[in-house]
Structures are given as C-alpha cells and as structure tokens.
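Inspection log for the structure reproduced underneath, given as structure tokens.
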Amino acid sequence: MSTSNQALDEVRTLCRRVLGAGPAANEAAARAFVEAGPNDRLAVLAAALRACDQLATDGRGPSDVDSPSPGLADAVARELAAASARLPARQRSLLALRERLGLSYEEIASVVGTDPPAVASLLAQARLQLRVERRGGASDAAGCEQRERVLSIVARRQDGEPRAPADDDWLMDHLVVCRSCEEAHAAMLESSVCYRAWQG
Ligand SMILES: [Zn+2]
C-alpha cells in the first residue's frame, strides 16, 4: 500500500469515528485532502476534524451509522459506535486520535488545537465518559480533592507519556487509599482496551 493510501485510510478512520460510518465520513476525508494535501499528517488530520465539524453542523452524522452483519466483532463495534455517538464530538476525536491512530499527546494537541498539558485530562474525561455511555452509572462525580491530578497521571501512564517518577509513586500510594480514584483508574483502562478492540 502506498503512503498516500495509508494516509487516506487513516483520515477516513478518524472521520468514521467522529461522524459514524455513513457517507459523510468519506466526504469529510475527501475535503480534508483537498484542503491539506496528503503530505502533512497532522495538518490533514486537523483539516479532517474541521470538515467533520462542518458536516455535523449541517446535520450529517454521527447518527447515520450503518449496520454491520452479526458476529462478536460486529457486536462490539455496534456497542462502541452507539456509545461513542453519544459523546461530545471533541471526545470522539480525542479517543480516535489516541486509541486508534496512536498519536502522541503533543501530536494530538496540534491536531485539535489545545495545549499539550491539557491532553491528559481531556483524554481521561473522554475515557470516563465512554465508560458511562457503555455501562451507565454517573459521570465522574469526583469526591476526591486529588482527582484532577490522579486522572492526568493515570492517562499519562496508560499512554506511555513522560511523567515524573515521584508522580507514579504518589499515584500508587493514593490508589491504595482512595476507592473512587481506583474505580476511575479501572474504568479508564477498560474504556481504552474496549476502544482499541473496536475494528472498522
Ligand atoms: Zn482520590
């Protein structure tokens, strides 16, 4: 497969995760290539998100999801597509960029237009919300003053992003004594594993 075909596949995948598997996703990918060309990966992904935004504003997706044939992989895909469609578009984008395309936090920050330090927290919230959409239950109600710090370190650990050794030690000590943060930790891990198992 040529490099530009791989780039097109990647952009189509991102657009499907944001807009659903209907024709709008291919249209967004095509618009992104017209705007940014195939050579700058991050620029074309950013253009794809803008095109998705525009099509969503026009009422295209993420509801027009097609219905795959029966089977376990398809059942997983259906469940995740439905849960993901209920997330805010920004959270759908973040999950696709990280879990599916494997971008680093710095790359994600560049594509979605935010500061790199904010990405850990945004991804943590997206993973927690995906868990809520799949399994029900309350959104992260915190109840712990250290929650923000916990979520940020947990996300960085999950994603192999750099962090201070002291942060890891502090987190391990905290999870032993704080049940609600331990549950959030498990929920994020579960979301991440499920999302990565989602083919298509
Ligand atoms: Zn806590």
task: Could you tell me which GluC sites (Glu not before Pro) in the stretch 120-200 are loop residues by DSSP with no more than 14 other beta carbons within 10 angstrom of their beta carbon?
output: 145
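Just the number, please: Stokes-Einstein D of the stretch 1-66 in µm²/s, Kirkwood Rh from C-alpha pairs, 25 °C, 0.890 mPa s. Each step should come with its number before you reach the end.
Values: Rh = 11.3 Å.
Calculated translational D: 217 µm²/s.
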Karplus 3J(HN,Hα) series, Hz, for the stretch 31-39 with 6.51 cos²θ - 1.76 cosθ + 1.60 (x for Gly, Pro): 4, 4, 5, 5, 6, 10, x, x, 8
field: Residue (of 122, 84, 181) at the positive-pole extreme of the stretch 68-194, dipole from beta-carbon charges
entry: 84
- prompt: Taking the Cα atoms only, what angle lies between the long axis of helix 41-57 and the longest principal axis of the chain, rounded to 10 degrees?
  reply: 80 degrees
- prompt: What is the helix-to-structure angle for 179-197, meaning the angle in degrees between its Cα long axis and the longest Cα principal axis of the chain, kept from 0 to 90 and rounded to the nearest 10?
  reply: 20 degrees
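I need the Kirkwood Rh of the stretch 118-191: take the reciprocal of the average 1/r across all distinct C-alpha pairs and report it in angstrom.
Working: mean 1/r = 0.0814 Å⁻¹.
Taking every pair of different Cα atoms in the stretch 118-191, averaging 1/r and inverting gives 12.3 Å.
As a footprinting exposure proxy, order 147, 17 by other Cβ within 10 Å, with the fewest listed first. Display every interim value, and only then the final one.
Working: 147 17, 17 27.
Going from least to most buried by this count: 147, 17.
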- line: Once residue 57 and residue 118 are pulled to full extension, the length gained, defined as 0.36 nm per residue separation minus their Cα-Cα distance, is 19.4 nm
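Averaged across orientations, what area in nm² does the convex hull of the alpha carbons in the chain project?
Values: hull surface 48.0 nm².
Reported value for the Cα convex hull: 12.0 nm².
Laboratory data are not the source of any read-out in this text; all were calculated from the coordinates shown. Worth saying up front: this structure is predicted, and the values here are computed from it rather than measured. Neighbour counts run over all protein chains shown; Cβ positions are idealised from the backbone, glycine included.
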